[in-house]
Structures are given as C-alpha cells and as structure tokens.
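K.L.:
Before I ask anything, let me first share the structure, which is written out below as structure tokens.
Here, each number is a calculation from the coordinates, and none is a lab measurement. As the structure is a computational prediction, the values presented were derived from the model and not from experiment. FYI the Cβ positions are ideal-geometry reconstructions off the backbone, even for glycines, and counts take in every protein chain you see.
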Amino acid sequence: MSRITTILLVEDDQLDAMDIKRSLDKLNVLYKLVVAKNGEEAIDMMKGNHEVTLENLPDIILIDINMPRMNGLEFLQVIRDTPEWKKIKCFMITTSDEKVDKEAAKKLGVSGYILKPFKINNTSSLDSFNLVIDLMNMKGYE
Amino acid sequence: MRISYLIFLSFLSILLLFAFTTFINFRLSERVKENTDFVNQSGNIVRSSNRFQRNTINMGSGLRGFLLTGEDSFLQAYDSAATENKLILTDLFNQLDTTSRQYKLLVDIASLNNRWLSEFGQPLRQAKIGAEASDVNLPYFNKLYREKMQSSDERKLNTRLQEEIREFVNIEYEKRSEREKLLNDSLQMTKTISFFMITFSVLMALFIVAFLTIRISKRILKMVRMADSIAAGNYNVSTEETGKDELSGLARSLNYMAKTLSSNINELTKKNRELDQFAHIVSHDMKAPLRGIDNVVSWIEEDHKDELTPKVAEYIRLIKGRVIRGESLIQGLLSYARVGKEEEGEEKIDTKALLKEVLENFSMKEGTTINISEAMPVIYSVKLPLLQVFSNLIDNALKYNDKTNGLVKVYHKEYPGHWEFFVSDNGPGISKNYHEKIFMIFQTLKERDSFESTGVGLAIVKKILDSRGEEIKLESEAGTGSIFSFTWKK
C-alpha cells in the first residue's frame, strides 16, 4: 500500500507557485503537489469537477489570500463549512501581513500564517517551521 | 419678533412707567404748592378779618371815649380804625370770588359797618365836635347821644356785625380744613400710586431681565456648547430653533455650518481612507512582481551558477539590488500608509527605557556615542507612535553621520501643556533649502545607489506628529550638525 502526502496549493501567481514547489522539493519528502489558480478551481478539484482530479482529499492545503474570483479567506470558509473537509490542515501563504487578514485566518482555524517569500530553511518563522514538521510527520511511503 | 425690537420695547415700557411715576409726583408737588399758596392767602384773610373785627371794637370804644371825654386821642383811634377798615375791606373783596358765600357775607359786613358809621359813628362824632366847639350845640349833642347810645340799636348792630365777622372767619377755617383734607387725600393717593408704579416697574424690569436671560443667554449658551462640540470634532450636532429672531437665524446658520462641516469631513475621511487603501493595494500588488523577479533571478543563480559569466553575474547582482530597493520603497509606503491606523491605548512610559529599547535595534558604528539625558521623563501616552518617532530620528542621526567620533544626544524640556524632545547630532547638517523637502515621502538628499535610504523615515515622523497635532522643528545648517525637536502633549 502506498501513501503519498497530497498538498493542494491554491495560488494564482505562477512564479510564487514555482518558488513554493522549489522550497518543498528541498525537504526530501515524498509528496504530490496540485496547484489551483483560485478558490473556485480548488473546490472544483476537490469535488472532482475538474480535469485535474485528486485521488484522495489533500493532507495539507496551502492558501494564498489575494486571488481573483474567490480569495483565500473565502475558500477557507468553504472548507470549514463543509463537514468532510473541515478537518484538513490549512496554512496561509501570503504577502499580506495585515492584522485583519491574520485575525480572520486565525478565526477560521489555520495551522499557520506564513509570509511570503516562503523559505523552507527559514526557521525564524515559527509557522513555516510548523509546516515543515507537519510535512515530515506525514512523510509519504510506498 | 426680532430681539432688537423686543429689547427696545422692554426698555421703552420701563421708561414710560418711570415717566408716569415722575409725572404723578410732579402733579403732587404742584398741588402742595397750590395748597401752600392757599394757606398763605387764607392766613392773610383770617388776619385781616381779625384786624377788621378789632378795628370795629376800637371804633366803638374810641367813639365812646371821645363822646364822654372829648379827648382827641380817642378821636384819632376812632378815625384810624375807620380808615384802616376801609382798606381791609377793599383788600378782602379783591381776594374773594364774587360768587362765594364769603363774598356775600363780606357785602353784609361792609353794609353793616357802613350802617354803623352812618347811623351812629359819623353823626355822633360830628355832633360832639360841634358841642366841643360851642356850647350852643351841646343840647343837640345830648339829645342825639341819648337817642342813639341809650337805645339798644347800636349794641344790636354791633353784635350782628361781630357775629357776621366770626361766621366769615369760620368759613375761612372750614375752607382751609377742607383743603387740607383734600391735600392729605391726594398725598396718600400719590404715595400709593408711586409705590405701586415703582413696584410694578421693578417687577417688570426683573421680568424683562429674566426674559432676556432665558430668551437670549440660554440660547447663546446652547450655541456656544454646540460650537465647542464642533471645535472638539463632533460635527453631528444641531440645536433646535424654530423662532424668527436673530438668534434663531444664527442657530440655523450654525446648524447649516455643522451639517456642511460634517459632510465635508465625512467626505474627507472617506477620501483619506480610499487613499490609504489605494497605497495599501498598490504596494501589495507591486510586491508580487518584484518577488517574482527576485525568485527567477535566484533560481538562475542557484541552478546555473557554473554557466554564468562574470558580467552576467554582475548584472544579476544589479537586478537584485534594485529589487531590494523596490521592496524597501514599497515597505516604506506601506508603513507610511499605516501610520495612525493602529489602535492605541495610553500607558505609562518611561521615555528613558523606551529609548534604550529603540537603541537595541541599531548596530552602532565604532566611535559613535549616543548620549541620553539622565532626566528623561516618565509620561502617560501612547507608546508605538512615540517609539517610531524616536526610532526614525535616531536612525537618521546615526545613518547619515559622517564623523569618526559621531555624537547623538537626546534630551527634553518641559512646558505646562507639553513636552519637547530633542535629537541632536554632529553630522553633516542640512542646508536651509531642504528643511521642508526632507519631510516629504521618498525625498532623500543622498544618491540612492550609494545609500540605503528610501526617504520614508522623516515622512513617517511628520505624518505621525501631524496626525496627533504635534509639531516638528529642525535647526540646522550645512556643516553644523542638526537638532530635530518635536512636541508631545502631556
């Protein structure tokens, strides 16, 4: 039986997505990364209404805030409102260090609020560190 | 009614009341004078009447004395009394009203007197003179004497005359007492009227004062309170005024002003918020492409390190430098837009401890000294803005200092309502031409490439101080060092 950690990254900026992927690659963790360009697309993927489908529900969702159509906080709200999804670990990865955004995310029960640029070896950010630990613990296997 | 009319009418009515009171008192004084004149005249009449009476008696006794003794002194007394009585009668007639009872009485008295003179006085006087001159006439005199004096006619006439004179004097006394009663009545009446008029005037004046106080003072006070409230920044106030006078006009103007101010301020607040939001959104959106550039350049460096020629490596370094500057500019803009947005609570601040906290964030150049005055005060205020102001001023003082033994001093002065804090340095100084420019955002006096400076620090300081109604001053010349000072309310 094989188990691969699935990470859903909801991010509209292609370069940011690439940067996050490069950082995750450095972790030596077996994972599968799926990128959705906004909240709506991510929901379609999770529901199986998209050409890219997920085999399992994601183990971790990384969410940007400022996105077109459905922003990160709205998306997170949908996750928390849907019974079968609400337990999924979510991290915000965003440029916004606004108090309002941070508080809204905290209210919706995020596991971490990470400011861009996300660097996996940046242990000065406790939330980045938590994400790494979580990924290590979920270490996929074949 | 207009207030000016009201005040005018009120004072006019008080004035009229007092004028009326004065008029009544004047009338009274005239009456008193009239009465005094009357009493004087009446005294004269009484005196003349008494004298007249005495004279009639003197005439009687003078005549008898002369008739009995034939002495001239008696005759003289008789004559002078008769002459004087003529004069007195004329005088009395002149003083009396021809229709009065006294006048008729006086006519009676005069005719009785004349009768006495013509029937008794004159014939006997002549007969006696004749008898004295010659004894021939004596029998005639004796006959006449018996005829006239020994009958009761003379006494009866005399008694009637005396009675009439007494009645005449009594009428005068009656008249006088009547006049006195009238005068007393009018005195009493005037007193009463005066008392009521003055009381009424005073009450009316009090009422007018109270009315003016209520009608004017109260409303003015209300408007003063409203103006104070506007001055304090609360524009959503109005005062209820439905009248048509000047104060209502003023109140309506005030209401209109407050409304206009309120809508203008709301508009302004909205615009400011939009501007802040704009700065915020723009800087966020600008961050993303910069980060993208940085990412790609980093990947080139990481993945193709060995393939880069020195020139390409140098270009990449230049790109990264500009990206960093772009990021710090955006960061500066964000910090600038954020000034005044944090919720602040007042707390006790030991400014000396606060400055130590600030200094911990700076890495000092060797040879540089920071001198914080021992007497720095403990104040009660908001902490973050003050910390930011000190931090930016000290940062500038250190960053631009070109001396090997740089010296930065922080001290203060105390004033009744505020503190003044000073940050001085012995750096290059700032020419007067730039004293205003340096407080604008993104203005820097150093070439950007050569210096890590975004021109946001002083702009933030200015914005913080402006938003709190504080002032910043700069005392500096090129080459003399600089002293920045700012006020801080107690």
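K.L.:
Going by average Cβ neighbours within 10 Å, how do the peptides B:411-417, B:477-483 rank, with the highest at the top? Before the final figure, lay out the partial values.
P.N.:
Working: B:411-417: 10.7, B:477-483: 15.1.
Ranking, from highest mean packing down: B:477-483, B:411-417.
K.L.:
Based on alpha-carbon centroids, what's the gap between the stretch B:1-36 and the stretch B:147-190 in Å, whole number please?
P.N.:
The distance from the Cα centre of the stretch B:1-36 to that of the stretch B:147-190 comes to 43 Å.
K.L.:
How many Cβ atoms of partner chains, on average, are near each residue of B:87-93 if near means within 10 Å of its Cβ? Working shown, then result.
P.N.:
Details: counts 0, 0, 0, 0, 0, 0, 0.
Per residue, the number of nearby Cβ atoms from other chains is 0 on average.
K.L.:
Can you list the lysines whose alpha carbon sits under 18 Å from that of A:LYS37, skipping same-chain ones fewer than 8 residues off?
P.N.:
A:LYS21, A:LYS47, A:LYS116
K.L.:
Another question, if that's okay. May I ask for the angle, rounded to the nearest 10°, between helix B:218-231 and the longest principal axis of chain B, with both axes built from Cα atoms and the value confined to 0 to 90°?
P.N.:
For B:218-231 against chain B, the angle is about 10 degrees.
K.L.:
If you count the DSSP beta bridges with both ends in chain A, what percent of them are antiparallel, to the nearest 5?
P.N.:
On the way: 1 of 19 bridges.
Taking every DSSP beta bridge within chain A, about 5 percent pair in antiparallel fashion.
K.L.:
Also, I was wondering about something else. Mind checking which lysines have their C-alpha under 22 Å from B:LYS383, skipping anything on the same chain fewer than 8 residues away?
P.N.:
Cα-Cα hits under 22 Å: A:LYS99, B:LYS341, B:LYS348, B:LYS352, B:LYS356, B:LYS409, B:LYS413, B:LYS462, B:LYS463, B:LYS473, B:LYS489, B:LYS490.
K.L.:
Restricting to bridges with both residues inside the protein assembly as shown, how much of the DSSP beta-bridge set is antiparallel, in percent to the nearest 5?
P.N.:
Numbers: 26 of 48 bridges.
The antiparallel fraction comes to roughly 55 percent.
K.L.:
At a 10 Å Cβ-Cβ cut-off, how would you order B:PHE120, B:PHE200, fewest neighbours first? Present the calculation step by step, with values, prior to reporting the outcome.
P.N.:
Values: B:PHE120 20, B:PHE200 13.
Neighbour counts put them in this order, fewest first: B:PHE200, B:PHE120.
K.L.:
Give the shape of the stretch A:5-137 as rounded, prolate or oblate, defined through the alpha-carbon gyration tensor: a ≥ b ≥ c are the square roots of its eigenvalues, a/c under 1.5 means rounded, and otherwise the shape is prolate if a/b is larger than b/c and oblate if not.
P.N.:
Since a/c stays below 1.5, the shape of the stretch A:5-137 is classed as rounded.
K.L.:
Tell me, B:VAL378, B:VAL461 in order of fewest to most beta-carbon neighbours within 10 Å? Write down the numbers at each step before the final one.
P.N.:
On the way: B:VAL378 11, B:VAL461 23.
If I rank by nearby Cβ atoms, fewest first, I get B:VAL378, B:VAL461.
K.L.:
Taking Cα atoms, how many degrees apart are the long axis of helix B:3-69 and the longest axis of chain B, rounded to 10 and kept between 0 and 90?
P.N.:
20 degrees
K.L.:
Here's something else I'd like to know. In Å³ and rounded to a whole number, note down the convex hull volume per residue for the Cα atoms of chain B. List each step's numbers first, then the result.
P.N.:
Numbers: hull volume 147.0 nm³, N = 490.
Normalising the Cα hull of chain B by residue number yields 300 Å³.
K.L.:
Sequence neighbours fewer than 8 away in the same chain don't count; with that in mind, list the lysines whose C-alpha is under 25 Å from B:LYS259.
P.N.:
Cross-link targets: B:LYS218, B:LYS222, B:LYS244, B:LYS270, B:LYS271.
K.L.:
Among B:269-277, B:21-29, B:330-338, how do they line up by average Cβ neighbours within 10 Å per residue, starting with the highest?
P.N.:
B:330-338, B:21-29, B:269-277
K.L.:
Counting other beta carbons within 10 Å of each Cβ, put B:ASP108, A:ASP19, B:ASP306 in order, fewest first.
P.N.:
On the way: B:ASP108 16, A:ASP19 24, B:ASP306 5.
The fewest-first ordering by Cβ neighbours comes to B:ASP306, B:ASP108, A:ASP19.
K.L.:
Using modelled amide H (1.01 Å from N, peptide plane; none on Pro or chain starts), what sits under 5 Å from the amide H of A:VAL35, excluding residues fewer than 5 places away?
P.N.:
A:LEU9
K.L.:
Divide the volume of the convex hull of the Cα atoms of the stretch B:3-203 by its number of residues and quote the answer in cubic angstrom per residue. Show your work: numbers first, answer last.
P.N.:
On the way: hull volume 24.0 nm³, N = 201.
In the stretch B:3-203, the Cα convex hull volume per residue is 119 Å³.
K.L.:
Could you pull out every residue, at least 5 positions away or on a different chain, whose amide H is within less than 5 Å of the one on A:GLY112? Hs are placed 1.01 Å off N in the peptide plane, and Pro or chain starts have none.
P.N.:
A:MET92
K.L.:
Per residue of B:290-303, what is the mean number of Cβ atoms on other protein chains within 10 angstrom of that residue's Cβ? Please report the intermediate quantities before stating the final value.
P.N.:
On the way: counts 0, 7, 6, 1, 3, 9, 3, 0, 3, 4, 0, 0, 1, 1.
Partner Cβ neighbours, averaged per residue: 3.
K.L.:
Related question: Between 0 and 90 degrees, rounded to the nearest ten: what's the tilt of helix B:246-303 against the longest Cα principal axis of chain B?
P.N.:
It is inclined by approximately 10 degrees.
K.L.:
List the relative contact order of chain B as a percent without decimals, with contacts defined as Cα pairs under 8 Å and 6+ residues apart.
P.N.:
Details: 471 pairs, mean separation 49.6, N = 490.
RCO, chain B: 10 percent.
K.L.:
Across the stretch B:3-203, how many lysine pairs, 8 or more positions apart or on different chains, have C-alpha atoms separated by under 20 Å? Please give the number.
P.N.:
Lysine pair count for the stretch B:3-203: 9.
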